[in-house]
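Just so it is clear, none of the values below were taken in a lab; they were calculated from the coordinates. Values in this document were obtained by computation on a predicted structure and should not be read as measured data. Glycine gets a Cβ as well: all are built from the backbone with ideal geometry, and neighbour counts include every protein chain shown.
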Amino acid sequence: MTLEEAARFLRLSKSALNRMENAQVITREHEVSYILMKYGIADTDDRAISMLGLASAGRSRDWMKRYALLGSASKVTNFLRLEQDSRLIRAYEPLLIPGLLQEPAYSRAVMESVTPFPGTDVEWALNLRKARKDVLTRPEPAHLQVVIGDAVLRQGLGGPDVMRRQLLHVADAMTQPNVQVQVLPSRLLRNPGVDGAFTMLDVELGDFTVVMIDSLVRSICIEDEEEVQAYEGVFRDLQGMAYSPDESRELILRGADEPWAPSQH
């Protein structure tokens, strides 16, 4: 069905439907309910429950209002909305500290490590990354479980002082009951995470899990239940092969005391 045919069937303007499909506006719950009704999808259908849950999106909507992001809906990706609506966030990062645990100076060093696309606003991105951390400190915060590669502890991003502050920040965050970080040794005979970094979001509204994979030019969202289960198995394996949280915190603190000097190349 083309956009024009769908708009005619739903009795919506093409421009309004196009904005909804491209996340240029926030689609309200009653609009989603109407569209589902027109397509003949019952309220009891799992798809309807998930979509209506996302449309109600209480936490992410309040978060966007609080940081005046409603006018920047096209910049705030579905991932960020889902992240704010999650009860559990699981992330594997072999090369970097995950965004939710990054200090501003480290975040800047990460962003400036890659040649930016034209029109990239680094300051806006830094402020957004800071705002994302609300998910860990709000009332009834999300739980964060992270596995990082031990190479992260020996990097020189931003210089020794930046790395030291960053590692101390992670160690401090680990004292919170909803934050768990484990370090994966590099000298393993088997590494389930060879495919690279990924993030899993257990979304409370709608009760479903998605896997997000970021690359330089695009992000991939995996929703298929069997494929999501495969990543859940990988994450369990990574946790089982990583150092315990207590051992990991000791390694992180040791890394903060002896940060590596950056290479001049």
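Worth pointing out:
- Cleavage-rule hits, GluC sites (Glu not before Pro), the stretch 158-265, DSSP coil, Cβ neighbours within 10 Å at most 13: 223
- 25 Å tail of the calculated P(r), the stretch 82-257, as % of Cα pairs: 32
- Sequence-ordered 3J(HN,Hα) estimates for the stretch 223-233 from the Karplus curve with 6.51, -1.76 and 1.60 and θ = phi - 60° stand at 10, 4, 4, 5, 5, 5, 4, 4, 5, 4, x Hz, glycine and proline given as x.
- Amide H partners (placed H, <5 Å) of residue 204, local residues excluded: 86, 87
- Theoretical gain in end-to-end length, residue 191 to residue 2 [0.36 nm per residue, Cα-Cα removed]: 63.6 nm
- The trypsin sites (Lys or Arg not before Pro) of the stretch 120-193 meeting both criteria, a DSSP state outside H, G, I, E and B (loop) and at most 13 other C-beta atoms within 10 angstrom of the site's C-beta, are 187, 190.
- A full extension of the chain between residue 236 and residue 88 corresponds to an added length of 51.9 nm, given 0.36 nm per residue minus the alpha carbon distance.
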